[in-house]
Amino acid sequence: MQLRLKYPPTPEAAPKHAALCVCAALLLHDLELDYSVESLLPLDALLGRLRHEGVPAEQVAEVLFAIGCYVGEVFVRHAGAGWCRTEGTSMEGVTGFPLLIRLGPERYCNPVGKVFKRIVEGEEHGLPSFYALFSRREAPARDFLYDRH
């Protein structure tokens, strides 16, 4: 999949992609994102709505990439993580994206890939549980199912 991104897909530019997500969420969906762990809930709900409406991932790939960078920034700000390139890691050739979150020595997660899986495969790839699993912290409370209306 060819992405037309405003910034390069590098660790240095990941926060800029995340900022695009914040702006778009506010302008297009009146959704205020503050980089808190709790902000993953409404963002996950938005992805659930896109899936329910049948929006193809390829049609919104650049948006999904920015959302993945936002999710990564939540890890950076709250789980002591950092961005890294995929190349040279144990995840090289596995993720399909050039960016990962490093959570420790040889411990990585792929928030961009998870966002794509969320819209393509559904609720089992929810952002709150993804954060809880990889941060080893409790997921924010879910008070409704996002893919059911």
Q. Does region 1-10 contain any residue that is open to solvent by 20 Å² or more (accessible area, probe 1.4 Å), hydroxyl-bearing (Ser, Thr, Tyr) and either out of contact with any helix residue (DSSP H, G or I) (no Cβ under 7 Å at 6 or more places or on another chain) or farther than 22 Å from residue 129 by Cβ (or both)?
A. yes
Q. Which residues, counting only those in region 63-93, are touching a helix residue (DSSP H, G or I) at 6+ places or on another chain (Cβ under 9 Å) and either over 22 Å from residue 37 (Cα atoms) or part of a strand (DSSP E or B) (or both)?
A. 82, 83
Q. Here are 27, 31: which of them is farther than 18 Å from residue 3 by Cα, modelled with pLDDT under 95, surrounded by 13 or more Cβ atoms within 10 Å (Cβ to Cβ) and not charged (D, E, K, R)?
A. 31
Q) Taking region 14-46 as the region of interest, how many residues are among the aliphatic types (A, V, I, L, M) and in contact with a His (Cβ under 9 Å, 6 or more places away or on another chain)? A) 2
Q.
So, in region 75-90, how many residues would count as being crowded, with 19+ Cβ neighbours inside 10 Å and modelled with pLDDT under 90?
A. 1
Q | Residue that is least open to solvent (accessible area, probe 1.4 Å), among those in region 99-149 that are in contact with a Lys or Arg (Cβ under 8 Å, 6 or more places away or on another chain) and modelled with pLDDT under 90 | A | 146
Q. Does residue 38 qualify as being of a type in the set (Asp, Glu), in a helix (DSSP H, G or I), at pLDDT 95 or above and open to solvent by 40 Å² or more (accessible area, probe 1.4 Å)?
A. yes
Q. List, please: which pairs have Cβ atoms under 6 Å, are six or more places apart or on different chains, and start with a residue in region 106-123 that is touching a residue at least 40 places away in the same chain (Cβ under 8 Å) and end with one that is open to solvent by 30 Å² or more (accessible area, probe 1.4 Å) and outside any helix (DSSP H, G or I)?
A. 112/97; 113/97; 122/147; 123/147
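The values are calculated or read from the model by the stated rules, or taken from the named source; none is laboratory data. Quick caveat: nothing in here was measured; it's all calculated off a predicted structure. In this analysis, Cβ positions are derived from the backbone assuming ideal geometry, glycine residues included, and neighbour counts consider all displayed protein chains. Just so you know, the surface numbers come from the protein's heavy atoms only, side chains and all, with ligands and any DNA or RNA stripped out. Shrake-Rupley method; radii C 1.70, N 1.55, O 1.52, S 1.80 Å.
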